[in-house]
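> What follows is a single structure, and I will ask about it in a moment.
The values are calculated or read from the model by the stated rules, or taken from the named source; none is laboratory data. Since this is a predicted model, take the numbers as computed values, not measurements. Note that each Cβ is placed from the backbone with ideal geometry, even for glycine, and that neighbours are counted across all protein chains shown. Calculation scope for accessible area: heavy atoms of the full protein, side chains included, ligands and nucleic acids excluded. Shrake-Rupley method; radii C 1.70, N 1.55, O 1.52, S 1.80 Å.
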Amino acid sequence: MIKVSPSILASDFANLQTEIEKVEKGGADYLHIDVMDGAFVPNITLGAPIVKAIRPHSKLVFDVHLMINEPIRYVEDFAKAGADIITVHLESTERVRETLEKIKKLGCKAGLSIKPRTDPVEIIPYIPLCDLILVMTVEPGFGGQSFIPETVPHIEKVRDLLAKENSNAEIEVDGGISPKNVRTVLNAGANVIVAGSAVFKSDDISETIRGLRG
Ligand code: DX5
Ligand code: ZN
């Protein structure tokens, strides 16, 4: 089953509650929450207090994407704030295993993400600990960028690696995805589609979310 995870980065932050209600009514499965620290990536977005504030207003699965250095320092805060899935970057810490273990111990699903220039084979040692692998299809840091087609073989590679390890982890893709190019990533093996601009800038959110299922 294909899941759609609208990224609130493209929403109107002044009206976050109504923006989230719109995508929930529009058929979203997850809510993608981009956390940036101005160090791992050049941009700063939001933190655990915002996650906590929106939690009572939504039943969606909170899909928290941490683009921060040494994420182990903050995973407990996000778990307590109401995250369901916490995804960290392979490139953001030397303590990948420990971080994933901590996320699971906190009762959340653990995700591991790779940037477009990271070789997917680097995830191999961590596959048994992962509920989700997030393949970035743009350089993390900003919404509204163009999809990088060279990342498609990464999605295929991740699919093959997961199959080899008998893993049921989901394959999520993030960056520059719209109903126009979603087929490419679905064919490559993705089953969780993140979309920020495509969803929140759309005139018909339900139609766009449907379109993102391919
Ligand atoms: C980028 C973020 C993405 C971003 C996607 O670093 O991780 O989740 O919000 O936005 P679009 O779909 O506009 O590329
Ligand atoms: Zn993201």
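> Kindly indicate whether Val64 is over 21 Å from Glu207 (Cβ atoms), open to solvent by less than 20 Å² (accessible area, probe 1.4 Å) and either touching a residue at least 60 places away in the same chain (Cβ under 8 Å) or not acidic (Asp, Glu) (or both).
In short, yes.
> Assess whether Phe40 counts as being assigned to a strand (DSSP E or B) and touching a strand residue (DSSP E or B) at 6+ places or on another chain (Cβ under 8 Å).
Details: assigned to a strand (DSSP E or B): no; touching a strand residue (DSSP E or B) at 6+ places or on another chain (Cβ under 8 Å): yes.
Considered against the rule, which asks whether it is assigned to a strand (DSSP E or B) and touching a strand residue (DSSP E or B) at 6+ places or on another chain (Cβ under 8 Å), Phe40 comes out as no.
> Does Val192 satisfy the criteria of being under 20 Å from Asp34 (Cβ atoms) and of a type outside the set (Lys, Arg)?
Numbers: under 20 Å from Asp34 (Cβ atoms): yes; of a type outside the set (Lys, Arg): yes.
For Val192, the condition - under 20 Å from Asp34 (Cβ atoms) and of a type outside the set (Lys, Arg) - is met.
> Restricting attention to region 80-118, report how many residues are open to solvent by 10 Å² or more (accessible area, probe 1.4 Å), within 22 Å of Val41 (Cα to Cα) and out of contact with any helix residue (DSSP H, G or I) (no Cβ under 8 Å at 6 or more places or on another chain).
Number of matching residues: 3.
> For Arg117, which of the numbered conditions (1) in a helix (DSSP H, G or I); (2) more than 29 Å from Lys25 (Cα to Cα) fails to hold?
If we test Arg117 against (1) in a helix (DSSP H, G or I); (2) more than 29 Å from Lys25 (Cα to Cα), just (1) comes out false.
> Scan region 174-195 and report the pairs whose first residue is within 8 Å of ligand 1 (Cβ to nearest atom) and whose second residue is open to solvent by 20 Å² or more (accessible area, probe 1.4 Å) and among the hydrophobic types (A, V, I, L, M, F, W, C), with Cβ atoms within less than 7 Å and a gap of 6+ or a chain change.
Matching pairs, first to second residue: Gly175/Phe147; Gly176/Phe147; Ile177/Phe147; Ile177/Ala198; Ser178/Ala198.
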